[in-house]
Structures are given as structure tokens and as C-alpha cells.
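The values are calculated or read from the model by the stated rules, or taken from the named source; none is laboratory data. Only a predicted model underlies this, so the values are computations on that prediction, with no experimental measurement involved. Don't worry about glycine lacking a Cβ; one is built from the backbone with ideal geometry, like all the others, and counts go over all protein chains shown.
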Amino acid sequence: MHVLFRCDATDGGGIGHLVRVVSVADAAVSAGHTVCVAGAIQSPLARQLAADAQLPVVPASRNLGELAAEHGASIVHVDDYTVGDDALEQVRASGALLSSMEDGSYGLRDAALVIDSTIGAELTEREHAPQGRMLRGIAYAPMRTEVLAARQKREEGLTPSPNPRALIVMGGTDATGAAATIAGLCADLPRNIELTVIAPKRHRESVLEAAGPGVQVLEPTPAFLDIASSMDFVVSASGTSAWELACIGVPTLLVAVVDNQKAGYGAALDAGIASGLGTIDDIRADPAQATTRLDSFVAAVVAGTISTREAMAKVDGRGAERIVGAWAAAFDERFAANAAGDAGAGAAPRVREATMEDCLPLLRWRNDPATRAVSRTTEAIGLDAHAPWLKRTLERDDRELFIAHVQGVPVGMVRFDADGATWEVSINLAPETRGRGFALNVLSEAEGLFFRRHPGSRVHAFVRADNAPSMRLFDRAGYEPCPDRNEPAFAAFVKSDPS
């Protein structure tokens, strides 16, 4: 299936949402899905992250159902606080599944699958239960493959160093300039530290001024996880990177740099997966107290009294894999009544005439990448072209368009086009229904309706020579090979009205 992710990554808003999206996209690709992300991916680091993950970026529209249809997505995964409460209704209109990330009270919306991966979320109740399934707790925190690689590297051991090695990372954009503040605290410590700071170019001078010439300043890079794995400790913003550092097993001191990090900051401290330095506002208000707290933490690191075993156990790196597995489970539940085979289990497909209300599902099935790969026309089309086509189709006498549905849920279409004295049939199932035993029943139901309207007709089917499943389908449906009608790359089959 094709998965469309919706998130933004800007200088003002940070890249945390994209980091999580990349993690889930990695797991989705490993599970055999195709992926893309829709949104404003603007900061240089964000663009690099998307490029390194081979995650195609497409423009985002306000209506997620239309977006799913135009990109052929069976799953829309939203990781964005600004997407509204109408997301579920929009996505449902296209027949796709809405999966939604939230963080405590941020990003709340209804969805078929709601994920809150903040630590301790499983111990609390959501104010309003969603219509769909809920996944709550740090077990669902998405981790990129780079995190797991850094975890393994650290487990293999550190190279000894005469002075503690420290990394400061306050987010990919460091919108509050916190890196320079924390670097200044490190410079005031009564001990030598090998200090590395990750900060955007615009903050470089302020970091050097605060920490002195001995500091190493690096621009934001996806490689920071590899850097972190070789450090004795890290001072980090309490955003997405906090969970990544816990997974890697680096002693971490967290700073809440923006309001929406405060809940996660407190939960991380309560769970014992990190220590806390405070909010950036408190640190700036009382730097002396913050320096004392930092010095105590460094002393514990040097003494070896800080253990990361509990953090690594709680953040095991399999969150994205669990999310992707939950998508499959959601579709299994949707079609469970028909999982017993071609005949179904009390919920066999039925066929009806198409209407304009089927516009988005039809477009979504048509634009599915796997469908386009075996079609005569492989390019995706937009809603502005598809809607008028459907309207004209419904008015034509030389075309029959039927929608198959199971208990009211559209699952595919069958189309018959007049071709001289014969007709040509084409069938397309919703990607999420394939392999569930629908195809033969859908085709049979559609043929029954078609032949009642056009008795005595002959129907041809043209199938790409490398499309073995379709070959088997038409063979089982009683179609005979028709070599004289073969086309380049397409094999022809024919069936006459059995009555």
C-alpha cells in the first residue's frame, strides 16, 4: 500500500515531526509499503533528512481526503499539530485510513488510529476517546534506523578519554538560541570538558562567545546520533531527540526549551530515562543554580553512577514497527468478516452503479502506485481532471461503471467500455483489500449486472504480460485466451455472455 505522511519542518517550527515521520516511513518501507510526505519541508536539515531517507516530498493541500486520492494513499499518517478535527471525515471520504500522532494535549483529533508516544501516556486517560484504536506510551516512540545503528555502536564500547566528552543539541533549528546558553554553563564548570555543540550557522558566533575557543561547533546534521553515541553525556532539548538518546543509551540532561516540551520533560524525569536541567527560561533566570546542577550531573557521569539500562529497556527502538503493524491490524478488523476466502464469511461483496460520491475512492484506487504500474496509463491524475471525467462517464451509454462494496465500504470498481461490437472490462480493487479474496466475487457480481443489461455481449480483458495475479483472475472467471487481440505488452482474453 501507499502511505502519505502529513507534516511540516520549518525553521520556526523545528524538525521533530519530520524526524518521527522518517522513522515510521523507514518501518513502512521495510514492511513493503511505498511512501511520500506532504508538507512544507523547508529547513536545510529537514530537506537533507527527507533526501537521505529517500522520502519524496509533495505539496500539501488542506483537504486530506483529496490529498490521499491524488497520491493513491491507503494510509494518511498525520504528525502535525495544526491539522484540524475534520481530518477523519476528509480521509474517510476517500476510503483511506487516518493515523494520527499526538503529544499529550497537542495535536488532538479523531482518527482510526491515534498514537501518543509520550512516556507514561498509557497510564493516563485521553479526555475524549477517539472512534478508532489508541496506541499509548513510549513503546510506540518511532526511532530511525540511524538510532538503532548508534545504539549498537555504543553497546560495542567507548574509546577512553582524559576529559568527559559532552554534546549540546537543542534541536535542528534551535529557535530559542538555547545552545549558546547551555554552552556558557559548560564553560563555567570547574572541570575540563571536551565540548561539541550542534547549532545552526546563525548561532555559531554566540556559541563561540559563550563557550570560548575550545568548543567544536557543528551545523545540524542527521549524523548527530552517531556523534552522540561516542559522547560521555549529552545535554539535549526535551523533544524527539530525548527519546532517541534514551534508546541509544547516552546519559542525558534535558532542557525544556518550548512550552510543548514541558510535559515530555517531566515524564522523562519521572520515568528515570534522563535527568533534568530545567526550562530554558529558568536557566536564564538563575544561571548559577543551573551551573551547580550541571556540575553535579557531570560528576555523576565521571563517577559512573548514572545507568542507562532502564532507559534502553523502555525505549527499545521498535515503536515505528508497532505503528506500521497497527495499520495492518486496522484493515484486518475492517474486513474481518470477509477473511475466510472468496465466498466470504457472511459479508460477500455487492455491486452497484457508481455515483459522483465515489469520486475520491475511484481516484485513490486509480492513482495507487501499484495500480499505475500495471495500467495502460501510468501517470497519476488530479482531482480537477478526474471529477469531470467521472461526471461524463456516468452520462455515457457506452460505458458501465460499477462499485463493489462490503457492508457499505467501497472495495473496488469494475468498468465495461464499448469497443465496437464487443466490450472491454477492467477491474481495480482498493489496495488495502488485495489478497483478501474479493477479486473473483467482485468480477462475477459485476459481470452478472452487466450481462443482464447487455445480453449476448462479448467482453475482452487486456492484461499486462507480467501481471500474473490478473492472469489467474480472468482464467478463474472463465475468460479464454484471445491471441489475435494481443497488444504489445498486453495479453487478451475473451468471455461471452454465459446465458
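Mind checking which pairs have a first residue in segment 149-165 that is closer than 18 Å to residue 191 by Cβ and a second that is loosely packed, with under 11 Cβ neighbours inside 10 Å and not acidic (Asp, Glu), Cβ under 6 Å, 6 or more apart or different chains?
163/192
Looking at segment 453-475 only, could you name the residues that are charged (D, E, K, R), under 37 Å from the mean Cα position of the chain (by Cα) and in a helix (DSSP H, G or I)? Walk me through it before giving the result.
Step one: filter segment 453-475 for residues charged (D, E, K, R), giving 453, 458, 464, 466, 472, 475.
Narrowing further to those that are under 37 Å from the mean Cα position of the chain (by Cα): 464, 466, 472.
Hit for segment 453-475 is 472, nothing else.
Please go through segment 419-435 and pick out each residue that is closer than 16 Å to residue 97 by Cα and touching an Asp or Glu at 6+ places or on another chain (Cβ under 7 Å).
Initial filter on segment 419-435 (closer than 16 Å to residue 97 by Cα): 429-434.
Listed by number, the list holds a single entry, 431.
Taking residue 336, is it at pLDDT below 80 and farther than 30 Å from residue 136 by Cβ?
On the way: at pLDDT below 80: yes; farther than 30 Å from residue 136 by Cβ: no.
Against the criterion (at pLDDT below 80 and farther than 30 Å from residue 136 by Cβ), residue 336 does not qualify.
For residues that are crowded, with 22+ Cβ neighbours inside 10 Å and either closer than 18 Å to residue 261 by Cα or of a type in the set (Gly, Ala, Ser) (or both), tally how many sit in segment 144-179.
Counting residues in segment 144-179 that are crowded, with 22+ Cβ neighbours inside 10 Å and either closer than 18 Å to residue 261 by Cα or of a type in the set (Gly, Ala, Ser) (or both) gives 11.
Given (1) out of contact with any strand residue (DSSP E or B) (no Cβ under 9 Å at 6 or more places or on another chain); (2) modelled with pLDDT of 95 or more, where does residue 97 come up short, assuming only one miss?
(1)
Report yes if some residue within segment 57-67 is farther than 26 Å from residue 242 by Cβ, among the hydrophobic types (A, V, I, L, M, F, W, C) and crowded, with 22+ Cβ neighbours inside 10 Å; otherwise report no.
yes
More than 23 Å from residue 46 (Cβ to Cβ), free of Cβ contacts under 8 Å to residues at least 12 places away in the same chain and not aromatic (Phe, Trp, Tyr): is that true of residue 122 in this structure? Before the answer, list the steps.
Numbers: more than 23 Å from residue 46 (Cβ to Cβ): yes; free of Cβ contacts under 8 Å to residues at least 12 places away in the same chain: no; not aromatic (Phe, Trp, Tyr): yes.
Against the criterion (more than 23 Å from residue 46 (Cβ to Cβ), free of Cβ contacts under 8 Å to residues at least 12 places away in the same chain and not aromatic (Phe, Trp, Tyr)), residue 122 does not qualify.
Whether any residue in segment 308-326 is over 30 Å from residue 19 (Cβ atoms), of a type in the set (A, V, I, L, M, F, W, C) and free of Cβ contacts under 8 Å to residues at least 60 places away in the same chain is what I want to check.
Step one: list which residues in segment 308-326 are over 30 Å from residue 19 (Cβ atoms), which gives none.
No, every residue in segment 308-326 fails to be over 30 Å from residue 19 (Cβ atoms), of a type in the set (A, V, I, L, M, F, W, C) and free of Cβ contacts under 8 Å to residues at least 60 places away in the same chain.
Out of 487, 447, which single residue is closer than 27 Å to residue 410 by Cβ and not small (Gly, Ala, Ser)? Steps first, answer last, please.
On the way: 487 fails: closer than 27 Å to residue 410 by Cβ.
So the residue among 487, 447 that is closer than 27 Å to residue 410 by Cβ and not small (Gly, Ala, Ser) is 447.
Picking from 141, 121, which residue would you name as being more than 18 Å from the chain's Cα centre (by Cα), surrounded by 20 or more Cβ atoms within 10 Å (Cβ to Cβ) and either under 23 Å from residue 261 (Cα atoms) or of a type outside the set (Val, Ile, Thr) (or both)? Give the steps one after another, and end with the answer.
Details: 141 fails: more than 18 Å from the chain's Cα centre (by Cα).
So the residue among 141, 121 that is more than 18 Å from the chain's Cα centre (by Cα), surrounded by 20 or more Cβ atoms within 10 Å (Cβ to Cβ) and either under 23 Å from residue 261 (Cα atoms) or of a type outside the set (Val, Ile, Thr) (or both) is 121.
How many residues does segment 6-47 contain that are surrounded by 19 or more Cβ atoms within 10 Å (Cβ to Cβ), of a type in the set (S, T, N, Q) and in contact with a Ser or Thr (Cβ under 7 Å, 6 or more places away or on another chain)?
Of the residues in segment 6-47, 1 are surrounded by 19 or more Cβ atoms within 10 Å (Cβ to Cβ), of a type in the set (S, T, N, Q) and in contact with a Ser or Thr (Cβ under 7 Å, 6 or more places away or on another chain).
In segment 368-384, which residues are farther than 17 Å from residue 427 by Cα and surrounded by 11 or more Cβ atoms within 10 Å (Cβ to Cβ)? Outline the logic, then answer.
Pass one, segment 368-384, residues farther than 17 Å from residue 427 by Cα: 379-384.
Residues satisfying the conditions are 380, 381, 382, 383.
Checking the condition over 30 Å from residue 454 (Cα atoms), hydrophobic (A, V, I, L, M, F, W, C) and buried (at least 17 other Cβ atoms within 10 Å of the Cβ), which residue from 324, 351 passes?
Numbers: 351 fails: over 30 Å from residue 454 (Cα atoms).
Among 324, 351, only 324 is over 30 Å from residue 454 (Cα atoms), hydrophobic (A, V, I, L, M, F, W, C) and buried (at least 17 other Cβ atoms within 10 Å of the Cβ).
Specify the residue that is nearest to residue 45 (Cα to Cα); the eligible residues are those in segment 223-234 that are crowded, with 19+ Cβ neighbours inside 10 Å and touching a residue at least 60 places away in the same chain (Cβ under 8 Å).
The first filter runs over segment 223-234 and keeps only residues crowded, with 19+ Cβ neighbours inside 10 Å, leaving 224-225, 228-229, 231-234.
Applying the additional criterion that residues be touching a residue at least 60 places away in the same chain (Cβ under 8 Å) yields 225, 228-229, 231-234.
Details: 225: 14, 228: 17, 229: 20, 231: 22, 232: 25, 233: 23, 234: 20 Å.
Going through the qualifying residues, I end up with 225.
Within segment 335-452, which strands (runs of 3 or more DSSP E) (wholly inside it) include 1 or more residues that are closer than 23 Å to residue 2 by Cα and in contact (Cβ under 8 Å) with a residue 24 or more places away in the chain? Break it down stepwise before answering.
Details: elements: 350-353, 399-406, 409-419, 422-429.
By residue number, 399-406, 409-419, 422-429.
Quick one: in segment 235-274, of everything that is among the hydroxyl-bearing types (Ser, Thr, Tyr) and in a helix (DSSP H, G or I), which residue is surrounded by the fewest Cβ atoms within 10 Å (Cβ to Cβ)? Don't jump to the end; show me each part of the working.
Residues of segment 235-274 among the hydroxyl-bearing types (Ser, Thr, Tyr): 236, 238, 240-241, 252, 265.
Narrowing further to those that are in a helix (DSSP H, G or I): 240-241, 265.
On the way: 240: 27, 241: 25, 265: 22.
The qualifying residue surrounded by the fewest Cβ atoms within 10 Å (Cβ to Cβ) is 265.
Let's see how each residue does on (1) assigned to a loop (DSSP other than H, G, I, E, B); (2) in contact with a helix residue (DSSP H, G or I) (Cβ under 9 Å, 6 or more places away or on another chain); (3) buried (at least 19 other Cβ atoms within 10 Å of the Cβ); (4) of a type in the set (Gly, Ala, Ser):
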site	(1), (2), (3), (4)
50	no, yes, yes, yes
90	no, yes, yes, no
101	no, yes, yes, no
110	yes, yes, no, no
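Considering only segment 452-466, I want to know if a residue exists there that is modelled with pLDDT of 95 or more and of a type in the set (Val, Ile, Thr).
Yes: segment 452-466 contains one or more residues that are modelled with pLDDT of 95 or more and of a type in the set (Val, Ile, Thr).
Pick from segment 387-446 the residues that are out of contact with any His (no Cβ under 6 Å at 6 or more places or on another chain) and polar (S, T, N, Q): which of them is nearest to residue 328 (Cα to Cα)?
433
Among the listed residues 24, 58, 19, 3, identify the single one that is over 28 Å from residue 436 (Cβ atoms) and modelled with pLDDT of 95 or more.
Numbers: 24 fails: over 28 Å from residue 436 (Cβ atoms); 19 fails: modelled with pLDDT of 95 or more; 3 fails: over 28 Å from residue 436 (Cβ atoms).
That would be 58, the only listed residue that is over 28 Å from residue 436 (Cβ atoms) and modelled with pLDDT of 95 or more.
Got a sec? Which of 323, 306 is over 30 Å from residue 431 (Cβ atoms), in contact with a strand residue (DSSP E or B) (Cβ under 8 Å, 6 or more places away or on another chain) and of a type in the set (Val, Ile, Thr)?
On the way: 323 fails: over 30 Å from residue 431 (Cβ atoms).
So the residue among 323, 306 that is over 30 Å from residue 431 (Cβ atoms), in contact with a strand residue (DSSP E or B) (Cβ under 8 Å, 6 or more places away or on another chain) and of a type in the set (Val, Ile, Thr) is 306.
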